[in-house]
Amino acid sequence: MNRGEPYQHQARKRFGQNFLVNHHVIDKIIAAIAPKPGQNIIEIGPGHGAITEPILAKCPSLKVVELDRDLIPILREKFVDYPDFQIHQGDALKTDFAQFYQPGQAMRIIGNLPYNISTPLIFHLLGFSQQIEDMHFMLQKEVVDRLAASPNDKSYGRLSVMVQYYSHVQPLFKVPPTAFRPTPKVESAIVRLLPYSQPPIIANDLKLLTKLVSASFQQRRKTMRNTLKHMLDSVQLEQLDIDISLRPQNLSVADFVHLSNQIGALQ
Ligand code: SAM
(Lines give C-alpha, C1' and ligand atoms only; values in the text may rest on other atoms or scores of the structure.)
Protein backbone atom coordinates (compact mmCIF):
# COMPACT_ATOMS: atom_id res chain seq x y z
CA MET A 1 0.00 0.00 0.00
CA ASN A 2 2.82 2.41 0.77
CA ARG A 3 4.45 4.39 -2.01
CA GLY A 4 8.22 4.42 -1.94
CA GLU A 5 10.30 7.50 -1.10
CA PRO A 6 10.17 9.09 -4.53
CA TYR A 7 12.87 11.73 -4.93
CA GLN A 8 16.31 12.73 -3.78
CA HIS A 9 15.06 15.15 -1.18
CA GLN A 10 15.83 14.96 2.51
CA ALA A 11 12.71 15.56 4.65
CA ARG A 12 13.23 18.70 6.73
CA LYS A 13 11.99 18.76 10.29
CA ARG A 14 11.93 22.55 10.46
CA PHE A 15 9.41 22.61 7.61
CA GLY A 16 7.24 20.02 9.36
CA GLN A 17 7.82 17.56 6.51
CA ASN A 18 6.01 14.28 7.04
CA PHE A 19 5.09 13.07 3.59
CA LEU A 20 1.97 11.01 2.98
CA VAL A 21 2.82 7.63 1.49
CA ASN A 22 -0.32 5.57 2.06
CA HIS A 23 -2.41 5.22 -1.08
CA HIS A 24 -5.57 4.26 0.78
CA VAL A 25 -5.39 7.36 3.02
CA ILE A 26 -4.68 9.60 0.00
CA ASP A 27 -7.76 8.21 -1.78
CA LYS A 28 -9.91 8.86 1.30
CA ILE A 29 -8.68 12.47 1.48
CA ILE A 30 -9.42 13.05 -2.21
CA ALA A 31 -12.91 11.55 -1.80
CA ALA A 32 -13.57 13.93 1.13
CA ILE A 33 -12.38 16.96 -0.87
CA ALA A 34 -14.25 15.85 -4.04
CA PRO A 35 -12.37 18.22 -6.41
CA LYS A 36 -14.07 19.29 -9.64
CA PRO A 37 -12.77 20.90 -12.83
CA GLY A 38 -12.71 24.68 -12.73
CA GLN A 39 -12.80 24.98 -8.93
CA ASN A 40 -10.49 27.47 -7.25
CA ILE A 41 -8.43 25.02 -5.18
CA ILE A 42 -5.28 26.08 -3.32
CA GLU A 43 -3.04 23.54 -1.65
CA ILE A 44 -0.71 24.58 1.16
CA GLY A 45 2.54 22.59 1.38
CA PRO A 46 2.33 20.19 -1.59
CA GLY A 47 5.65 18.54 -0.65
CA HIS A 48 6.32 15.85 -3.26
CA GLY A 49 2.75 16.06 -4.53
CA ALA A 50 1.07 13.13 -2.77
CA ILE A 51 -2.28 14.96 -2.71
CA THR A 52 -1.41 17.36 -5.55
CA GLU A 53 -1.26 14.64 -8.18
CA PRO A 54 -4.76 13.17 -7.73
CA ILE A 55 -6.24 16.67 -7.30
CA LEU A 56 -4.60 17.86 -10.52
CA ALA A 57 -6.09 14.91 -12.37
CA LYS A 58 -9.53 16.26 -11.46
CA CYS A 59 -8.83 20.00 -11.28
CA PRO A 60 -5.90 20.99 -13.56
CA SER A 61 -5.98 24.67 -12.48
CA LEU A 62 -4.81 23.84 -8.93
CA LYS A 63 -2.52 26.38 -7.20
CA VAL A 64 0.01 25.48 -4.52
CA VAL A 65 2.00 27.45 -1.93
CA GLU A 66 5.25 25.73 -0.88
CA LEU A 67 7.98 27.17 1.36
CA ASP A 68 10.80 24.71 0.63
CA ARG A 69 12.69 26.06 -2.42
CA ASP A 70 14.25 22.65 -3.10
CA LEU A 71 10.82 21.15 -3.77
CA ILE A 72 9.89 23.68 -6.46
CA PRO A 73 11.91 22.17 -9.36
CA ILE A 74 10.74 18.69 -8.35
CA LEU A 75 7.10 19.83 -8.53
CA ARG A 76 7.68 21.67 -11.83
CA GLU A 77 9.20 18.63 -13.43
CA LYS A 78 6.64 16.20 -12.06
CA PHE A 79 3.66 18.25 -13.25
CA VAL A 80 5.08 19.63 -16.49
CA ASP A 81 2.04 18.31 -18.37
CA TYR A 82 -0.32 20.63 -16.48
CA PRO A 83 0.10 24.12 -18.01
CA ASP A 84 -2.54 25.67 -15.70
CA PHE A 85 -0.88 24.39 -12.53
CA GLN A 86 0.53 27.35 -10.54
CA ILE A 87 3.33 27.06 -8.01
CA HIS A 88 3.86 29.91 -5.53
CA GLN A 89 7.07 29.65 -3.56
CA GLY A 90 6.66 31.30 -0.16
CA ASP A 91 5.46 31.18 3.41
CA ALA A 92 1.72 30.45 3.65
CA LEU A 93 1.66 32.39 6.94
CA LYS A 94 2.62 35.53 5.04
CA THR A 95 0.65 34.81 1.88
CA ASP A 96 -2.14 37.17 0.94
CA PHE A 97 -4.73 34.57 -0.01
CA ALA A 98 -7.01 37.29 -1.41
CA GLN A 99 -4.75 37.21 -4.51
CA PHE A 100 -6.19 33.78 -5.37
CA TYR A 101 -9.81 34.83 -5.02
CA GLN A 102 -11.78 35.43 -8.18
CA PRO A 103 -15.26 36.93 -8.03
CA GLY A 104 -17.82 34.16 -8.08
CA GLN A 105 -15.11 31.57 -7.39
CA ALA A 106 -14.67 31.13 -3.67
CA MET A 107 -11.43 29.43 -2.63
CA ARG A 108 -11.18 25.84 -1.49
CA ILE A 109 -8.09 25.50 0.70
CA ILE A 110 -6.50 22.12 1.34
CA GLY A 111 -3.31 20.84 2.92
CA ASN A 112 -1.48 18.30 4.97
CA LEU A 113 -0.28 21.14 7.13
CA PRO A 114 3.12 21.44 8.76
CA TYR A 115 2.16 20.77 12.39
CA ASN A 116 4.46 23.41 13.83
CA ILE A 117 2.50 26.24 12.19
CA SER A 118 -1.00 24.77 11.88
CA THR A 119 -2.69 26.92 14.55
CA PRO A 120 -1.32 30.32 13.40
CA LEU A 121 -2.02 29.29 9.80
CA ILE A 122 -5.68 28.55 10.58
CA PHE A 123 -5.98 31.96 12.28
CA HIS A 124 -4.32 33.60 9.25
CA LEU A 125 -6.76 31.86 6.88
CA LEU A 126 -9.79 32.85 8.94
CA GLY A 127 -8.94 36.43 7.97
CA PHE A 128 -9.99 35.44 4.42
CA SER A 129 -13.01 33.38 5.48
CA GLN A 130 -15.44 35.51 3.50
CA GLN A 131 -13.69 34.37 0.30
CA ILE A 132 -13.32 30.72 1.28
CA GLU A 133 -15.86 28.02 0.47
CA ASP A 134 -14.25 25.28 2.55
CA MET A 135 -10.97 24.01 3.99
CA HIS A 136 -9.74 20.44 4.36
CA PHE A 137 -6.71 19.94 6.56
CA MET A 138 -4.62 17.13 7.93
CA LEU A 139 -3.66 18.13 11.47
CA GLN A 140 -2.50 16.52 14.66
CA LYS A 141 -5.53 14.72 16.02
CA GLU A 142 -5.19 16.67 19.25
CA VAL A 143 -5.61 19.93 17.28
CA VAL A 144 -8.71 18.57 15.49
CA ASP A 145 -10.13 17.67 18.94
CA ARG A 146 -9.54 21.25 20.07
CA LEU A 147 -11.14 22.70 16.92
CA ALA A 148 -14.27 20.59 17.33
CA ALA A 149 -14.59 20.67 21.13
CA SER A 150 -17.84 21.68 22.86
CA PRO A 151 -18.15 23.62 26.13
CA ASN A 152 -17.07 21.54 29.15
CA ASP A 153 -14.87 19.24 27.00
CA LYS A 154 -11.26 18.91 28.13
CA SER A 155 -10.03 20.24 24.75
CA TYR A 156 -12.34 23.28 24.67
CA GLY A 157 -10.43 26.56 24.56
CA ARG A 158 -9.46 29.65 22.58
CA LEU A 159 -8.98 27.70 19.33
CA SER A 160 -12.43 26.06 19.61
CA VAL A 161 -14.25 29.32 20.30
CA MET A 162 -12.52 31.45 17.67
CA VAL A 163 -12.62 28.87 14.86
CA GLN A 164 -16.24 27.95 15.64
CA TYR A 165 -17.16 31.64 15.58
CA TYR A 166 -16.11 31.74 11.91
CA SER A 167 -16.89 28.25 10.72
CA HIS A 168 -18.65 24.98 11.13
CA VAL A 169 -16.11 22.30 12.13
CA GLN A 170 -16.47 18.70 10.89
CA PRO A 171 -13.85 16.16 12.04
CA LEU A 172 -13.71 13.51 9.30
CA PHE A 173 -11.35 10.62 10.08
CA LYS A 174 -8.14 9.65 11.88
CA VAL A 175 -4.85 8.89 10.13
CA PRO A 176 -2.19 6.68 11.79
CA PRO A 177 1.51 7.69 11.98
CA THR A 178 2.37 4.78 9.63
CA ALA A 179 0.75 6.68 6.71
CA PHE A 180 3.73 9.11 6.64
CA ARG A 181 7.47 9.15 5.99
CA PRO A 182 9.17 10.05 8.21
CA THR A 183 6.74 8.65 10.75
CA PRO A 184 5.44 11.29 13.19
CA LYS A 185 5.08 10.50 16.89
CA VAL A 186 1.42 11.49 17.07
CA GLU A 187 -1.86 10.52 15.49
CA SER A 188 -3.32 12.80 12.80
CA ALA A 189 -6.83 13.53 11.59
CA ILE A 190 -8.60 15.18 8.69
CA VAL A 191 -10.95 18.06 9.42
CA ARG A 192 -13.31 20.08 7.21
CA LEU A 193 -13.97 23.74 8.05
CA LEU A 194 -16.97 25.42 6.44
CA PRO A 195 -16.78 29.21 6.96
CA TYR A 196 -20.13 30.90 7.56
CA SER A 197 -21.11 33.53 5.00
CA GLN A 198 -22.33 35.29 8.12
CA PRO A 199 -21.61 34.00 11.66
CA PRO A 200 -24.81 32.81 13.41
CA ILE A 201 -24.24 35.45 16.11
CA ILE A 202 -22.29 38.52 15.11
CA ALA A 203 -19.63 40.10 17.31
CA ASN A 204 -19.87 43.90 17.09
CA ASP A 205 -16.14 44.20 17.81
CA LEU A 206 -13.99 41.28 16.69
CA LYS A 207 -10.88 42.60 18.45
CA LEU A 208 -12.78 42.73 21.71
CA LEU A 209 -14.09 39.17 21.23
CA THR A 210 -10.54 37.97 20.50
CA LYS A 211 -9.18 39.78 23.57
CA LEU A 212 -11.95 38.45 25.81
CA VAL A 213 -11.52 34.84 24.66
CA SER A 214 -7.71 34.98 24.98
CA ALA A 215 -7.83 36.56 28.44
CA SER A 216 -10.46 34.06 29.63
CA PHE A 217 -8.54 30.95 28.58
CA GLN A 218 -5.17 32.27 29.73
CA GLN A 219 -6.56 31.73 33.21
CA ARG A 220 -8.96 28.90 32.51
CA ARG A 221 -9.30 27.86 36.14
CA LYS A 222 -10.41 31.32 37.22
CA THR A 223 -14.05 32.35 37.19
CA MET A 224 -15.26 34.84 34.59
CA ARG A 225 -15.70 37.34 37.42
CA ASN A 226 -11.93 37.28 38.02
CA THR A 227 -11.11 37.72 34.33
CA LEU A 228 -13.71 40.42 33.75
CA LYS A 229 -12.79 42.58 36.70
CA HIS A 230 -9.82 43.80 34.63
CA MET A 231 -12.26 45.05 31.97
CA LEU A 232 -15.26 46.28 33.95
CA ASP A 233 -15.92 47.90 37.35
CA SER A 234 -18.06 46.21 39.99
CA VAL A 235 -21.26 48.07 39.00
CA GLN A 236 -20.83 47.08 35.35
CA LEU A 237 -20.11 43.46 36.36
CA GLU A 238 -23.52 43.24 37.99
CA GLN A 239 -25.20 44.41 34.77
CA LEU A 240 -24.00 41.40 32.76
CA ASP A 241 -26.63 38.78 32.09
CA ILE A 242 -24.34 35.76 32.16
CA ASP A 243 -23.44 33.91 35.33
CA ILE A 244 -19.94 35.23 36.06
CA SER A 245 -19.27 32.56 38.65
CA LEU A 246 -18.79 30.18 35.68
CA ARG A 247 -15.37 29.30 34.24
CA PRO A 248 -14.51 29.98 30.58
CA GLN A 249 -14.83 26.31 29.61
CA ASN A 250 -18.51 26.45 30.66
CA LEU A 251 -19.38 29.23 28.18
CA SER A 252 -20.58 28.54 24.62
CA VAL A 253 -19.38 30.45 21.55
CA ALA A 254 -22.70 32.33 21.63
CA ASP A 255 -22.11 33.23 25.31
CA PHE A 256 -18.68 34.69 24.48
CA VAL A 257 -20.04 36.73 21.58
CA HIS A 258 -22.96 37.98 23.65
CA LEU A 259 -20.62 38.84 26.51
CA SER A 260 -18.19 40.74 24.29
CA ASN A 261 -21.10 42.72 22.81
CA GLN A 262 -22.30 43.58 26.31
CA ILE A 263 -18.80 44.63 27.43
CA GLY A 264 -18.48 46.78 24.29
CA ALA A 265 -21.75 48.52 25.12
CA LEU A 266 -20.72 49.13 28.76
CA GLN A 267 -17.15 50.35 28.18
N1 SAM B 1 1.40 17.57 1.05
C2 SAM B 1 2.57 16.75 1.25
C3 SAM B 1 2.15 15.36 1.68
O4 SAM B 1 1.01 15.22 2.13
O5 SAM B 1 2.94 14.43 1.55
C6 SAM B 1 3.54 17.36 2.27
C7 SAM B 1 2.99 17.60 3.63
S8 SAM B 1 4.18 18.09 4.85
C9 SAM B 1 3.36 17.63 6.34
C10 SAM B 1 4.05 19.85 4.96
C11 SAM B 1 4.49 20.62 3.72
O12 SAM B 1 4.35 22.04 3.98
C13 SAM B 1 5.95 20.44 3.31
O14 SAM B 1 6.03 20.30 1.91
C15 SAM B 1 6.64 21.72 3.78
O16 SAM B 1 7.79 22.04 3.03
C17 SAM B 1 5.52 22.73 3.57
N18 SAM B 1 5.63 23.93 4.42
C19 SAM B 1 6.18 24.04 5.66
N20 SAM B 1 6.04 25.28 6.14
C21 SAM B 1 5.37 25.98 5.19
C22 SAM B 1 4.92 27.32 5.10
N23 SAM B 1 5.13 28.19 6.10
N24 SAM B 1 4.29 27.72 3.97
C25 SAM B 1 4.07 26.84 2.94
N26 SAM B 1 4.48 25.55 2.98
C27 SAM B 1 5.11 25.13 4.08
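The values are calculated or read from the model by the stated rules, or taken from the named source; none is laboratory data. Keep in mind that what you see is a predicted model, and the values were worked out from it rather than measured. With ideal geometry, Cβ positions are generated from the backbone for all residues, glycine too; neighbour counts draw on all protein chains shown. Surface areas here come from the heavy atoms of the whole protein model, side chains and all, with no ligands, DNA or RNA. Shrake-Rupley method; radii C 1.70, N 1.55, O 1.52, S 1.80 Å.
Convex hull volume per residue, computed on the Cα atoms of the range 155-264, equals 123 Å³. Calculated translational diffusion coefficient of the range 1-91 (25 °C, 0.890 mPa s; Stokes-Einstein with Kirkwood radius over alpha-carbon pairs) equals 181 µm²/s.
The per residue volume of the convex hull around the alpha-carbon atoms of the range 60-125 is 98 Å³. Solvent-accessible surface of protein heavy atoms, probed at 1.4 angstrom with all chains present, puts ASP243, ASP145 in the order ASP243, ASP145, largest first. Computed with a 1.4 Å probe over protein heavy atoms only, the accessible surface of the range 13-195 comes to 43 Å² per residue. Suppose R0 equals 51 Å. What FRET efficiency, 1/(1 + (r/R0)^6) with r the Cβ-Cβ distance, do ASP233 and GLU187 give to the nearest 0.05? Working from the Cβ atoms, E equals 0.60.
Each of SER214, SER150, SER160 has its accessible area taken with a 1.4 Å probe; listed largest first, they run SER150, SER214, SER160.
Where the accessible area of the range 58-156 is counted over protein heavy atoms with a 1.4 Å probe, how much of it, in %, is carbon and sulfur? About 48 percent, which is the carbon plus sulfur part of the accessible surface.
Taking all Cα pairs closer than 8 Å and separated by 6 or more residues, the relative contact order of the chain comes to 16 percent. Checked against a 18 Å cut-off, the cross-linked pairs LYS28/LYS174; LYS154/LYS222; LYS28/LYS58; LYS36/LYS141 give Cα-Cα distances beyond that limit for LYS36/LYS141. For ARG12, the residues whose amide H sits under 5 Å from its own are GLN17, ignoring neighbours fewer than 5 places away on the same chain, with H placed 1.01 Å from N. Bridging of LYS229 to aspartates and glutamates at a Cα separation below 18 Å is possible for GLU238, ASP241, ASP243, ASP255, once same-chain residues fewer than 8 apart are set aside. What you get for the chain, charging only the Cβ of Lys and Arg (+1) and of Asp and Glu (-1), is a dipole of about 680 debye around the Cα centre.
Identify the residues of the range 131-158 with backbone N under 19 Å of a label point that sits 7 angstrom from the Cα of ASP96 along the Cα-to-Cβ direction, or state none. Hits in the range 131-158 for ASP96 at 19 Å: 131-132.
Phi angles across the range 164-174 convert, under the Karplus curve 6.51 cos²θ - 1.76 cosθ + 1.60 with θ = phi - 60°, into 3J(HN,Hα) values of 6, 5, 8, 8, 7, 10, 10, x, 9, 7, 8 Hz, Gly and Pro given as x. Using θ = phi - 60° in the Karplus curve 6.51 cos²θ - 1.76 cosθ + 1.60, the 3J(HN,Hα) couplings for the range 139-153 round to 9, 4, 4, 4, 6, 4, 4, 5, 4, 9, 5, 9, x, 6, 6 Hz; x is entered for Gly and Pro. Less than 5 angstrom separates the built amide H of HIS88 from those of VAL64, VAL65, GLU66, all sequence-distant by 5 or more or on a different chain.
In the chain, the convex hull through the Cα atoms has an average projected area of 14.9 nm², a quarter of its surface area.
Quick one: Debye curve from the C-alpha atoms of the range 206-266, no solvent, what's log10 I(q)/I(0) at q = 0.15 Å⁻¹? For the range 206-266 at q = 0.15 Å⁻¹, log10 I(q)/I(0) is -0.36.
Under 5 Å from the amide H of ILE110 lie the amide H atoms of ILE42, GLU43, ILE44, HIS136, each residue being 5 or more positions distant or on a separate chain, with H modelled from the backbone and absent for Pro and chain starts.
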